[in-house]
Amino acid sequence: MSTSAIDKTAAVRIRFDQVSVDFDTPQGAMRVLDQVSFDIRDGEFVSIIGPSGCGKTTLMNIVGGFVQATEGRVLLDGQPINGPGPDRGVIFQEYGVFPWLTVRQNIEFGLKLDANRAHAAETAEITDRYMSLMGLTDFAGHFPKHLSGGMRQRLAIARAYAVRPEFLLMDEPFGALDAQTRSAMQDLLLQVLQREGKTVMMITHSVEEALYLSSRIVVVTARPARVRAIIDVPFGYPRAESVHEDPRFAALRSQIRDIVMQEYAAQVRQAPTQAGRASAGQ
Ligand SMILES: Nc1ncnc2c1ncn2[C@@H]1O[C@H](COP(=O)(O)OP(=O)(O)OP(=O)(O)O)[C@@H](O)[C@H]1O
Ligand SMILES: [Mg+2]
């Protein structure tokens, strides 16, 4: 196993360059992101950690093409982002599955888009494979409202993986899963990445999960989100379960937790009712 997961010579794929976002609210403009700058290189897995309501989903939505920066720029392979595209597979925080389509139709959906026509002949094979990997085969004809929260989340994951996007943008993808399924999904993700080599941005509240999966971790501050710390994860890929036992894992976990807890406390001081509502809803 190599000692570092980071190839500092790889091309920059996603660049946040002094990005700020202000949202209009009934109380006036609210700054959600403030001068955020960092790069994600080809093949990197970057996790974002920060308190509830600080601006993480907004950060990802800019890369997804759903939100525009108020100031600064986000570049994808050096180009400004003009809306969503099939190169970016998004797993939304609230599952993002289509309620009017069955499990099978949801997974097929992306495969049938024009942009992915090359896959058309394999659609059934790919759909069957991901339904099986996610344990959804018996529910192929069910609609999302008849699935549990964890199953909906697995369906959203299957949909994103099935089209084999170059970029995976994942907003708390494993948050609604029980501990065993979550751990199985983390290992499956590592296998998919090993096979297909993607560039990944993932939002998580779990320091442990970020350390197990990522090559770098970006800790952001209470709102407005600024870059508080960027931590290089010293473990290479393929990554084995045994890194959990590595003394560096425990040391980094406590170091990152300390920083994260300071920012969570700052967010709660800033807006106790809002932060309380947000975390109660998770
Ligand atoms: N389109 C919008 N218009 C106005 N305000 C918004 C919009 N989207 C998000 N916000 C506000 O911006 C702030 C940051 O939201 P965001 O969803 O980015 O937070 P987050 O860090 O992802 O939180 P969580 O961890 O709870 O998911 C919140 O106060 C939210 O209410
Ligand atoms: Mg969010």
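Read-outs throughout are calculated quantities, based only on the coordinates presented, and are distinct from any laboratory measurement. A quick note: this is a predicted structure, and the numbers were derived from the prediction, not measured. Backbone-built Cβ (ideal geometry, glycine too); neighbour counts: all protein chains shown.
Who wins for biggest fluctuation among Gly141, Gly175, Gly72 in a Gaussian network model of the chain, springs between alpha carbons below 10 Å? Judging by the Gaussian network model, the answer is Gly141. For Lys112, the aspartates and glutamates whose Cα comes closer than 17 Å to its Cα, not counting residues fewer than 8 places off in the same chain, are Asp87, Glu122, Glu125, Asp128. Sorting the segments 60-67, 47-54 by their mean number of nearby beta carbons within 10 angstrom, highest to lowest, gives 47-54, 60-67. Taking amide H as placed 1.01 Å from N in the peptide plane, Ser20 has its amide H under 5 Å from the amide H of Gln35, Val36, Thr70, Glu71, Gly72, each at least 5 places away in sequence or on another chain.
In the range 221-256, which residues have a backbone nitrogen under 19 Å from the label point lying 7 Å from Ala179's Cα in the Cα-to-Cβ direction? Those under the cut-off are 241-246, 250, 253-254. Listed by chain and number, the lysines whose C-alpha is less than 18 Å from the C-alpha of Lys8, apart from same-chain residues fewer than 8 away, are Lys198. Count Lys and Arg as plus one, Asp and Glu as minus one, and take only other residues whose Cβ is under 10 Å from that of Asp34; the net charge is then +1. When +1 charges are put on Lys and Arg Cβ atoms and -1 charges on Asp and Glu Cβ atoms, the dipole computed for the chain relative to its Cα centre reaches about 360 debye.
What separates the Cα centres of the range 128-172 and the range 204-274 is a distance of 26 Å.
Placing a label point 7 Å from the Cα of Glu71 along the Cα-to-Cβ direction, the residues of the range 203-222 whose backbone N falls under 20 Å from that point are 220-222.
Taking the number of Cβ atoms within 10 Å of each Cβ as an exposure proxy, the fewest-first ranking of Ser37, Ser215 is Ser37, Ser215. Between amide H atoms placed 1.01 Å from N, distances below 5 Å from Ile91 occur with Leu169, Met170, Asp171, all of them 5 or more places distant or on a separate chain. Computed over the chain with a Gaussian network model linking Cα atoms closer than 10 Å, the most mobile of Ala69, Ala265, Ala222 is Ala265. Other residues with beta-carbon under 9 Å from the beta-carbon of Gly89 carry, at +1 per Lys or Arg and -1 per Asp or Glu, a net charge of +2. Based on the Cβ-Cβ distance of Tyr237 and Ala124, what FRET efficiency does E = 1/(1 + (r/R0)^6) give at R0 = 35 Å, to the nearest 0.05? The pair Tyr237/Ala124 has a calculated efficiency of 0.65.
Counted by Cβ distance under 12 Å from Leu75, the other residues give a net charge of 0, where Lys and Arg count +1 and Asp and Glu count -1.
As a proxy for reagent exposure, Thr137, Thr127, Thr102, Thr9 were ordered by neighbouring Cβ count within 10 angstrom, fewest first; the result is Thr9, Thr137, Thr102, Thr127. Along the range 240-256 the Karplus relation, 6.51 cos²θ - 1.76 cosθ + 1.60 evaluated at θ = phi - 60°, assigns HN-Hα couplings of 9, 3, 5, 4, 4, 8, 5, x, 5, 5, 5, 5, 5, 4, 6, 4, 6 Hz to successive residues, with x for each Gly and Pro. Here the alpha carbons of the chain define both size measures, Rg and Dmax, at 18.6, 55 Å.
Every pair of different Cα atoms in the range 99-164 enters the Kirkwood calculation, which places the hydrodynamic radius at 11.5 Å. Between Val32, Val219, Val268, which gets the highest mean-square fluctuation from a Gaussian network model of the chain, Cα cutoff 10 Å? Maximum fluctuation in the GNM of the chain, among the listed residues, is at Val268.
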